[in-house]
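Okay, structure first, notes after.
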Amino acid sequence: MPFFRPSIFRSECDACHKPFPVNTGGVCVRCRRILCPDHLHGSIARRFAIALGAPMVCVACRSGEAPAATVGREGR
Ligand SMILES: [Zn+2]
Ligand SMILES: [Zn+2]
């Protein structure tokens with residue numbers, strides 16, 4: 001039987017710089033920032049949407065306030 005270890009892997013949110021267990025947050029597919037659940041999902045409803053297959057897009061990207069991504073589209 002698989003043994004669930006406590007979250008020993010922690011990461012730091014790129015938005016608020018709080019450390020959080022990586023399994024609660026994630027990486028936004030648009031801005032590629034590593035974000036805590038507050039900044040990635042923003043709400044429980046959104047967490048469910050992602051669990052059901054919605055793209056992992058952070059709160060800021062969804063509201064159009066994310067900093068420009070460093071990869072991908074350039075200029076105008
Ligand atoms: Zn955060
Ligand atoms: Zn984002």
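Some points to look at:
- Qualifying positions in segment 48-76 - within 16 Å of ligand 1 (Cβ to nearest atom), charged (D, E, K, R) and modelled with pLDDT under 90: 65
- Each residue in segment 38-59 was checked for being closer than 13 Å to residue 13 by Cβ, open to solvent by 30 Å² or more (accessible area, probe 1.4 Å) and in a helix (DSSP H, G or I), and 3 pass.
- Count - residues of segment 13-36 that are open to solvent by less than 100 Å² (accessible area, probe 1.4 Å), modelled with pLDDT of 90 or more and away from ligand 2 (no atom under 15 Å from the Cβ): 2
The values are calculated or read from the model by the stated rules, or taken from the named source; none is laboratory data. Values in this document were obtained by computation on a predicted structure and should not be read as measured data. Here Cβ is always computed from backbone atoms with ideal geometry, including for glycine, and neighbour counts include all displayed protein chains. To get the accessible areas, we keep the full protein, side chains included, count just its heavy atoms, and leave off ligands, DNA and RNA. Shrake-Rupley method; radii C 1.70, N 1.55, O 1.52, S 1.80 Å.
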